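J.: After the structure tokens below, expect a handful of questions from me.
What follows draws every value from the coordinates through simple rules; no lab data is involved. If you're wondering where the values come from, they're calculated on a predicted model, not measured in any experiment. All Cβ positions, even for glycine, are placed from backbone atoms using ideal geometry, and neighbour counts span all protein chains on display.
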Amino acid sequence: MGSSLLEAGMQAAVLTTPARITTHPLRIEDIPKPGLQPGHVLLRVRACGVCRTDLHITEGELPQRRKQLVPGHQIVGDVVDGATSALPIGTRVGVSWIGGIDGTCWYCKHALENLCDSPAFTGYTVDGGYAEYALVRSDFAFRLPAALDDLEAAPLLCAGIIGFRSLRVAGVERGERVGLFGFGASAHLAIEVLKHWGCEVYVSTRGETHRRLAEELGAVWVGAEADKPPVKLDRAVTFAPSGAVVIAALSSLRKGGVVAINAIHLDHIPQFDYDQLLWGERQLRSVANMARADARDFLQIAADIHMKPKITVFPLDQVNEALIALKADSIDGAAVISNLA
Ligand SMILES: [Zn+2]
Ligand SMILES: [Zn+2]
């Protein structure tokens, strides 16, 4: 590849001033292509999934960490520079929200890298994938199995991996009864894994569309948000940012069961009766970020079962519209930015 091509600019969606998404805070600009750094690979971006966190970053609900930022943290791309023996030129990889860890803190040294004290976040503390090119840490670029299509792999990289980690945190075993409370992007991928494991899935969720989708995807029982499944559950995962939903999940558990809370923020958890709801070695756990093993294991399962999430494709210059649609809940499935001509 000639140096002139490497030094050329690229199109990117740039955020300088977070604001309500309807004001189109992301501007499509020509900016310099990122220069190669040690330990990194340069990717030609094929596709990038759109996540609710991108909306929170763009609207300023998360504090601004860079004066100028390229968001996007579900990147599918090809290695075009900085190749290593593990990632030769042309290797197709996926990149997620965790873009790196320090490797030196107590958590990193105790095999708890998802809890690292100073992680890098793709598309937040470092530039992400709403661009033609992205520079990413080579040890956080996951080789994508050939069975996964570019566009369908993108939404797996955040929602999918974190949903899978939630099942691990809940301690799900094959054949168990598992409740999913809330049925958005993560849950509708997690149910595919649960069915693959022969689990019985019970879904409580808001919205007729979500309930219908849960039925189509094979839930054995579907109820409204606060409805309790008709049986005691072995495990439950809550996806709604609601403390009341956590209590509904907890009150559905058998003794020794686990609720995993997959929410970064939660409103107030109502006061609850310890003797009835937590006694009996029931556990309440939160799910934080992900480890690389979660990403690799989930992507392999997704390939094995030919996971095909529903997607709606937007070109890069329609990225604000994609986020508006996400906010309005007006698209079926996940939004994906595609750079494929
Ligand atoms: Zn995300
Ligand atoms: Zn660390």
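J.: Sort 46-52, 332-338, 203-209, 218-224 by packing, meaning the average of other beta carbons within 10 Å per residue, with the highest value first.
T.: Numbers: 46-52: 25.9, 332-338: 20.9, 203-209: 18.9, 218-224: 17.3.
Highest to lowest by the protection proxy: 46-52, 332-338, 203-209, 218-224.
J.: Further question: Please list, in chain and number order, the residues 5+ apart from Ala334 or on another chain whose amide H is under 5 Å from its amide H, with Hs placed from the backbone.
T.: Lys310, Ile311, Thr312
J.: What does the extension gain come out to for Arg66 and Ile331, with contour length at 0.36 nm per residue minus their alpha carbon separation? Could the numbers behind the result be given before it?
T.: Working: separation 265, 0.36 × 265 = 95.40 nm, distance 2.97 nm.
That pair, Arg66 and Ile331, stretches by 92.4 nm at full extension.
J.: Turning to a different aspect of this structure: Starting from 0.36 nm per residue, how many nanometres of slack lie between Ser118 and Asp267 once their C-alpha separation is accounted for?
T.: Working: separation 149, 0.36 × 149 = 53.64 nm, distance 2.56 nm.
Here the answer is 51.1 nm.
J.: In percent, what relative contact order does the range 21-160 have, based on Cα pairs under 8 Å that are 6 or more apart in sequence?
T.: Details: 277 pairs, mean separation 46.3, N = 140.
It rounds to 33 percent for the range 21-160.
J.: If amide hydrogens are placed 1.01 Å from N in the peptide plane, which non-local residues have theirs closer than 5 Å to the one on Tyr133?
T.: Result for Tyr133 returns Val45.
J.: By the scheme Lys and Arg +1, Asp and Glu -1, what is the net charge of all other residues having a beta-carbon under 12 Å from that of Thr209? Display every interim value, and only then the final one.
T.: On the way: positive: Arg206, Arg211, Arg212, Lys310; negative: Glu208, Glu215, Glu216, Asp329, Asp332.
The answer is -1.
J.: Further question on the same structure: Go through 25-38, 183-196, 147-160 and give me the packing order, highest mean Cβ count within 10 Å leading. Can you show the working numbers first?
T.: On the way: 25-38: 15.1, 183-196: 22.5, 147-160: 24.4.
Packing order, densest peptide first, comes out as 147-160, 183-196, 25-38.
J.: Using only helices, what value at 222 nm comes out for the chain when you add -39,500 (n - 2.57) per DSSP H run of length 4 or more and divide by the total residues, to the nearest 500 deg cm²/dmol? Show your work: numbers first, answer last.
T.: On the way: 11 runs with 87 residues, N = 341.
Taken over the chain, the calculation gives -7000 deg cm²/dmol.
J.: Under 5 Å between amide H atoms, partner at least 5 residues away or on a different chain: which partners does Val14 have, H built in plane at 1.01 Å?
T.: HN-HN under 5 Å from Val14: Arg27, Ile28, Glu29.
J.: Related question: List every DSSP H helix in the chain whose Cα atoms extend 20 Å or more along the helix's own long axis and whose mean Kyte-Doolittle hydropathy is at least 1.6.
T.: Values: long enough: none.
Correct list, ordered by number: empty.
J.: Give me the one-decimal nm value for the distance between modelled label points at Lys310 and Ala293, 7 Å along each residue's Cα-to-Cβ direction.
T.: Going from the Lys310 label point to the Ala293 one covers 3.5 nm.
J.: Still on this structure, I have one more. Please give the net charge around Gly72, taking every other residue with its beta carbon less than 12 angstrom from that of Gly72, where Lys and Arg add +1 and Asp and Glu add -1.
T.: Details: positive: none; negative: Asp54, Asp127, Glu132.
Value of the local net charge: -3.
J.: What lysines could a cross-link reach from Lys67, if we take a straight Cα to Cα line under 27 Å and drop same-chain neighbours fewer than 8 places away?
T.: Within the straight-line cut-off, Lys67 pairs with Lys33, Lys327.
J.: For the range 137-210, restrict the atom set to alpha-carbon positions and state the Rg and Dmax in Å.
T.: Cα-based Rg and Dmax for the range 137-210 come out at 13.7, 42 Å.
J.: What whole-number value in cubic angstrom gives the convex hull volume per residue for the C-alpha atoms of the chain? Walk me through the intermediate numbers first.
T.: Numbers: hull volume 46.7 nm³, N = 341.
In the chain, the Cα convex hull volume per residue is 137 Å³.
J.: Please find the FRET efficiency linking Ala111 to Ser286, where r is the Cβ-Cβ separation and R0 is fixed at 25 Å, and quote it to the nearest 0.05. Intermediate values should be presented prior to the final figure.
T.: Details: r = 18 Å, r/R0 = 0.74.
Computed FRET efficiency for Ala111 and Ser286 comes out at 0.85.
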